[in-house]
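A.B. asks: What follows is a single structure, and I will ask about it in a moment.
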Amino acid sequence: MNKPIQTTLIAVAMLAIASPAPAQTNADLLKELQALKARMAELEKKLSEKPSAPAPAPATTPAQAAGADKLKPDDSMKWSEFITGKSRFKIYGYLRADAIYDDSRPGGNGANSSLVPAFVLSENGLGGAANLAPGPNHENFDIHPRLTRLGVDFTGPEVESLWGAKTGGKLEIDFYNIVAGGAESREFLRMRHAYAQLKWDDAMFLAGQTSDLISQYFPTVNPDFVMWGAGNLGDRRPQFRGEWTPKLWGGTAFVQGMVGLTGADDNRDLDANGIRDGEASGLPTVQARIGYRFPLWEKQNIELALWTHHAREKVDIAIGGRNNFNSEAWGFDFSTPLYKDIVTFRGEGWTGKNIDDVRGGILQGVNVATGREIHAMGGWGELTFKPVKWYSFHTGYLFDNPRSSDLPVSSPELNSIWYLAARLYLDPMEFGLDYVNWTTYFKDATGPQGKGQDNRFQAYMSYKF
């Protein structure tokens, strides 16, 4: 019992006994004393109980506070998700550093060839003065953070007047905008994707910049240039795109079409009039893709697609007696599991002419001496082995083979590449190591060909968020 209350109780009891009470018996006094003691005990219990602390208010981020009146009670938000107006957006990306070693000199993109090679310079003294390496096995080493990436995915409200279309979009940048004279510690921003889209249950419409519709897959190695000019087609360009994806025979069919900007990648202006030849044609690039995907194992789909590409370029001053040049390509791409999600195979094959704007023909489109469109064929295939979720191994082969008769002398006429790659996934960290064996042959008027061969090693570490 609390000591002050006990003292008070004793004092009250003594006072009650000592006071004269002629009308009360000792039994009445004892009864009142017991009642008083019970009330004192109840009071002591209440005083000894500590009041419970109020529940702390939930933490509120500045973004949540700014849009608190827009949040519904059932909204659940992660740190990377925010709301502005009626749209939700999510930030993603990674911080990355790459180290690259070549035991021979890459070429094809000027001072930046060590990062974005199109071929290997000739090491045997043949192939033309412009394509000669300083010497056999002339090595290079580079370190860069340019593949560091930041993106935002947008999700908006449905638009009832457009048959309940779900709205959304994407904005994604990295630091690979290579500008002449820019220091390596002063990388420039590059827009990768920037588009808005409308989606329905089995249809989609997109407007903005994103990847080409053709050649939907790409090899694991050489992420700087994703083996463009070496067997892999497709880049990015501003475009309008639509697709229809009906359910069919237990799988999903897809019919896709796109119109985009011609010259977005090769930036060609053969007549040097300040207007890209693709724009001067008055026609867009047109691409179409049709295919089918269906489950082979649980959550493992096989996908096969056929595609085509058409574009035109026009010059005001005739080149080789011609003012119009057509760009055409036909091909297929595929992805298939060979054993559940452990072994998979994917790749593409293609043929076409004047396709340097979609990264074919070892980046050669028109022979300016003859006005001839350069035909080429190529493709690639890659086998992936992923025995556990934190490790994968990849091996593949690529080739890009322009037609020799279309090329001027001393031009690269064959890229032939095989590679090995390993990936370690320790979320949120990822580590990679690639080996690329790259051989380029050059056209000569007579006799042996020029030849360059590079053993290329690339390692990286990235932190994903």
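A.B. asks: Residue check: is Ala311 closer than 17 Å to Gly260 by Cβ and among the hydrophobic types (A, V, I, L, M, F, W, C)?
C.D. replies: For Ala311, the condition - closer than 17 Å to Gly260 by Cβ and among the hydrophobic types (A, V, I, L, M, F, W, C) - is met.
A.B. asks: Kindly check whether there is at least one residue in the stretch 246-254 that is among the aromatic types (Phe, Trp, Tyr), buried (at least 16 other Cβ atoms within 10 Å of the Cβ) and under 21 Å from the mean Cα position of the chain (by Cα).
C.D. replies: no
A.B. asks: Name the single residue that is modelled with the highest pLDDT among those in the stretch 63-85 being in a loop (DSSP other than H, G, I, E, B) and touching a helix residue (DSSP H, G or I) at 6+ places or on another chain (Cβ under 8 Å). Please lay out each step first, then the result.
C.D. replies: Restricting attention to the stretch 63-85, the residues satisfying the condition of being in a loop (DSSP other than H, G, I, E, B) are 67, 71-80, 85.
Adding the requirement that they be touching a helix residue (DSSP H, G or I) at 6+ places or on another chain (Cβ under 8 Å) leaves 71, 77, 85.
On the way: Leu71: 37, Met77: 49, Gly85: 79.
Out of the qualifying residues, it is Gly85.
A.B. asks: Still on this structure, I have one more. From Gly291, Gly257, which residue is small (Gly, Ala, Ser), surrounded by 16 or more Cβ atoms within 10 Å (Cβ to Cβ) and not in a loop (DSSP other than H, G, I, E, B)? Spell out the reasoning first.
C.D. replies: Values: Gly257 fails: surrounded by 16 or more Cβ atoms within 10 Å (Cβ to Cβ).
So the residue among Gly291, Gly257 that is small (Gly, Ala, Ser), surrounded by 16 or more Cβ atoms within 10 Å (Cβ to Cβ) and not in a loop (DSSP other than H, G, I, E, B) is Gly291.
A.B. asks: In a loop (DSSP other than H, G, I, E, B), of a type in the set (Gly, Ala, Ser) and under 22 Å from Asp333 (Cβ atoms): is that true of Ala264 in this structure? Steps first, answer last, please.
C.D. replies: Working: in a loop (DSSP other than H, G, I, E, B): yes; of a type in the set (Gly, Ala, Ser): yes; under 22 Å from Asp333 (Cβ atoms): yes.
Answer is yes for this residue.
A.B. asks: Being aromatic (Phe, Trp, Tyr), more than 24 Å from the chain's Cα centre (by Cα), more than 18 Å from Asp406 (Cα to Cα) and at pLDDT 95 or above: is that true of Trp297 here?
C.D. replies: It is false that Trp297 is aromatic (Phe, Trp, Tyr), more than 24 Å from the chain's Cα centre (by Cα), more than 18 Å from Asp406 (Cα to Cα) and at pLDDT 95 or above.
A.B. asks: So if I check each of Gly432, Gly379, which one is closer than 30 Å to Lys353 by Cα and either in contact (Cβ under 8 Å) with a residue 12 or more places away in the chain or in contact with a Lys or Arg (Cβ under 8 Å, 6 or more places away or on another chain) (or both)?
C.D. replies: Gly379
A.B. asks: In the list Phe325, Phe345, which residue meets the criterion of being of a type in the set (Phe, Trp, Tyr), touching a helix residue (DSSP H, G or I) at 6+ places or on another chain (Cβ under 9 Å), over 20 Å from Thr440 (Cα atoms) and in contact (Cβ under 8 Å) with a residue 12 or more places away in the chain?
C.D. replies: Unique residue meeting the criteria: Phe325.
A.B. asks: Okay, next question. Being among the hydrophobic types (A, V, I, L, M, F, W, C) and farther than 13 Å from Tyr217 by Cβ is the filter; apply it to the stretch 303-312 and report the residue that is surrounded by the fewest Cβ atoms within 10 Å (Cβ to Cβ).
C.D. replies: Leu306
A.B. asks: Mind listing just one residue for me: the one in the stretch 440-460 that is surrounded by fewer than 23 Cβ atoms within 10 Å (Cβ to Cβ) and within 29 Å of the chain's Cα centre (by Cα) and, of those, farthest from Gly125 (Cα to Cα)?
C.D. replies: By that ranking, first place goes to Tyr460.
A.B. asks: If you don't mind, there's one more thing I want to ask. Considering only residues that are surrounded by fewer than 21 Cβ atoms within 10 Å (Cβ to Cβ), touching a Pro at 6+ places or on another chain (Cβ under 9 Å) and not aliphatic (A, V, I, L, M), which ones fall in the stretch 108-127?
C.D. replies: Asn109, Ser113, Ser114, Asn124
A.B. asks: Please go through the stretch 189-217 and pick out each residue that is crowded, with 19+ Cβ neighbours inside 10 Å, touching a helix residue (DSSP H, G or I) at 6+ places or on another chain (Cβ under 9 Å) and either assigned to a loop (DSSP other than H, G, I, E, B) or at pLDDT below 95 (or both).
C.D. replies: Asp212, Ile214, Ser215, listed by residue number.
A.B. asks: Here's a follow-up. Residues being touching a strand residue (DSSP E or B) at 6+ places or on another chain (Cβ under 6 Å), part of a strand (DSSP E or B) and more than 15 Å from Ser87 (Cα to Cα): count how many of those fall in the stretch 150-188.
C.D. replies: 8
A.B. asks: Does Val315 count as at pLDDT 95 or above, assigned to a strand (DSSP E or B), surrounded by fewer than 16 Cβ atoms within 10 Å (Cβ to Cβ) and over 19 Å from the mean Cα position of the chain (by Cα)? Before the answer, list the steps.
C.D. replies: Working: at pLDDT 95 or above: yes; assigned to a strand (DSSP E or B): yes; surrounded by fewer than 16 Cβ atoms within 10 Å (Cβ to Cβ): no; over 19 Å from the mean Cα position of the chain (by Cα): yes.
In short, no.
The values are calculated or read from the model by the stated rules, or taken from the named source; none is laboratory data. Note that the structure is a prediction, hence the values are computed from the model and not measured. Ideal geometry is used to build each Cβ from the backbone, glycine not excepted, and the neighbour counts take in all protein chains shown.
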